[in-house]
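First comes the structure, then the notes that go with it.
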Amino acid sequence: MANIKDYLKWRGDLSFKVSPFNEVDNLILSEISYLNLDGIIKEKNITIHNAIEKYLNKYDEKAILSQFPLSKNPISFFKNVKDSNRFGSLKIRHYINKVSKKEEKQFSAMIIKLNYNTVYVAFKGTDSTLIGWKEDFNMSFMNEVPSQLEAVAYLNKHIHFLNHKIYIGGHSKGGNLAVYAAVNCKKHIQRKIKNVFNNDGPGFLDEFMFLPNYNKILSKIVTTIPETSIIGMLLNHKEEYKVVKSTALGIWQHDCLSWEVAKDHFVTLKEVNETSSKIRKTITDWLQNIDKKQREIFINTLFKILENNKIETVEDIAKLKLRKIPGLVREFTRIDEETRKIMMELLKELMREANKNFDKKTIFYGLRHVNKKE
């Protein structure tokens, strides 16, 4: 049951000249994009070694763990990356981090130079902030969210060297942004793209699948999901996907540090497990039964209730105290009658779909384990 940390021991001392870029390297670079390097990157180029070292000096253990709520022991992972010959000397360029509550946008990206003519463009996935998660939910009714537009602008602005080979990737929302940017970027950039890596990232609304440029880039998309994928099975995917084994359970499989590795590739399975299939069917059927306007009302109301109760991060939800529950209920009762009626109907519809696909024992088991990190 080897994972990325084992891969760093096996291949960490080999340069990309000796051992070519592979799918596991992609996942490691996409994970590096999660680092909050605000105030750390002041020069044009900084090596991964120096960036991680400054990051670890800036934040204590508690702060780092709060930034990676789904990851198990991310600190040792970053230390191993920092000290490896394979990654430590690679240079980070054009780091950017934009978070706007007003625009409901959470966007961050960086370019990592692999050698003189190859780069990896890494888009950050959803962080622990409620703003980031709200933007993800907005994808269920918006044809384009602010981060997707930012991703296209970022690619068009910073990839201007025509002799480079380009890999684009990200984990979670970062994978979605990678695909969106590849589909909508300038044609001369699109021609240089070797692969687009979507690591357990959500799909798109139906309209996106019919874009001519989507079909042009389709063969370059490499989508990888864990066996109990939840995030990566949301919305629609046209491309085939690879299923990878994980040492974690349930939602915690979204943590890519739990994905199993053999040499320079993932340990794969034929298909996702029954739980993942049922969750996808439940959510897909639910979304098909409600229009975009209803989705918008539901999501805006839900996040407004959380915001009014000073819930700002995923960690706040996980640590929700019983004394907070009455406040959430009171907030719900203050909603205007028409919105409240829509919310209740949609929740009932979701439960109806869940009951079709899951027996009560399965639902109870899932609820018991939803906050249990393995």
Residue count for the stretch 148-194, restricted to those that are polar (S, T, N, Q), under 23 Å from Ile28 (Cα atoms) and touching a residue at least 40 places away in the same chain (Cβ under 8 Å): 1
Residue by residue through the stretch 288-301, note down the ones that are without any contact (Cβ under 8 Å) to a residue 40 or more places away in the chain and part of a helix (DSSP H, G or I). Gln288, Asn300
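Could you identify the single residue in Val145, Val119 that is in contact with an Asp or Glu (Cβ under 7 Å, 6 or more places away or on another chain) and of a type outside the set (Ser, Thr, Tyr)?
Val145
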What is the number of the single condition among (1) open to solvent by 60 Å² or more (accessible area, probe 1.4 Å); (2) under 20 Å from the mean Cα position of the chain (by Cα) that Pro74 does not meet? (1)
Looking at the stretch 32-40, can you tell me whether even one residue there is modelled with pLDDT under 95 and charged (D, E, K, R)? yes
Within the stretch 218-238, considering residues that are in contact (Cβ under 8 Å) with a residue 40 or more places away in the chain and part of a loop (DSSP other than H, G, I, E, B), the one surrounded by the most Cβ atoms within 10 Å (Cβ to Cβ): Ser229
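Say we look at the stretch 295-315 and pick out the residues that are among the polar types (S, T, N, Q) and closer than 13 Å to Phe137 by Cα; which of these is surrounded by the fewest Cβ atoms within 10 Å (Cβ to Cβ)? I'd like the intermediate steps shown before the answer.
To start, the set of residues in the stretch 295-315 that are among the polar types (S, T, N, Q) comprises 300-301, 308-309, 313.
Add one more test, that the residue is closer than 13 Å to Phe137 by Cα, and what stays is 300-301.
Working: Asn300: 16, Thr301: 19.
Checking each candidate, the answer is Asn300.
Just checking, how many residues over the stretch 173-196 are assigned to a helix (DSSP H, G or I) and either open to solvent by 10 Å² or more (accessible area, probe 1.4 Å) or farther than 22 Å from Ser128 by Cβ (or both)?
The first filter runs over the stretch 173-196 and keeps only residues assigned to a helix (DSSP H, G or I), leaving 173-184, 187-190.
From the residues that got through so far, the ones that are either open to solvent by 10 Å² or more (accessible area, probe 1.4 Å) or farther than 22 Å from Ser128 by Cβ (or both) too are 179-184, 187-190.
Number of matching residues: 10.
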In this structure, does Gly132 turn out to be assigned to a loop (DSSP other than H, G, I, E, B), open to solvent by less than 10 Å² (accessible area, probe 1.4 Å) and in contact with a strand residue (DSSP E or B) (Cβ under 8 Å, 6 or more places away or on another chain)? no
Would you mind telling me which numbered condition in (1) open to solvent by 20 Å² or more (accessible area, probe 1.4 Å); (2) more than 24 Å from Ile166 (Cβ to Cβ); (3) of a type outside the set (Val, Ile, Thr) Tyr55 fails? (1)
Selection from the stretch 98-118 of residues open to solvent by less than 50 Å² (accessible area, probe 1.4 Å), within 17 Å of the chain's Cα centre (by Cα) and at pLDDT below 95 yields Lys105, Gln106
Being in contact with a strand residue (DSSP E or B) (Cβ under 6 Å, 6 or more places away or on another chain) and of a type in the set (Phe, Trp, Tyr) is the filter here, so list the residues in the stretch 152-193 that pass it. Tyr154, Tyr167
Looking only at residues in the stretch 118-146 that are of a type in the set (Ser, Thr, Tyr) and in contact with a helix residue (DSSP H, G or I) (Cβ under 6 Å, 6 or more places away or on another chain), which one is farthest from Asp291 (Cα to Cα)? Tyr120
Residues satisfying the stated conditions in the stretch 143-172, i.e. open to solvent by less than 10 Å² (accessible area, probe 1.4 Å) and farther than 17 Å from Ile111 by Cα: Val145, Ser172
Residue pairs within 6 Å by beta carbon, gap of at least six or interchain, first lying in the stretch 246-275 and β-branched (Val, Ile, Thr), second open to solvent by 50 Å² or more (accessible area, probe 1.4 Å) and part of a loop (DSSP other than H, G, I, E, B), listed first then second, are Thr247/Met1; Val267/Lys245
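Say we look at the stretch 271-287 and pick out the residues that are part of a loop (DSSP other than H, G, I, E, B) and of a type outside the set (S, T, N, Q); which of these is least open to solvent (accessible area, probe 1.4 Å)? Can you show your working first?
Of all residues in the stretch 271-287, those part of a loop (DSSP other than H, G, I, E, B) come to 271-273.
Of the ones still in play, those that are also of a type outside the set (S, T, N, Q) are 271-272.
Values: Glu271: 133, Val272: 16 Å².
Among residues in the stretch 271-287 that are part of a loop (DSSP other than H, G, I, E, B) and of a type outside the set (S, T, N, Q), the one least open to solvent (accessible area, probe 1.4 Å) is Val272.
The values are calculated or read from the model by the stated rules, or taken from the named source; none is laboratory data. All values reported here derive from a predicted model rather than from experimental measurement. Because the Cβ atoms are built from the backbone with ideal geometry, glycine has one as well, and the counts that use them run over all protein chains shown. We work out accessible area using only protein heavy atoms, side chains counted, and drop any ligands, DNA or RNA first. Shrake-Rupley method; radii C 1.70, N 1.55, O 1.52, S 1.80 Å.
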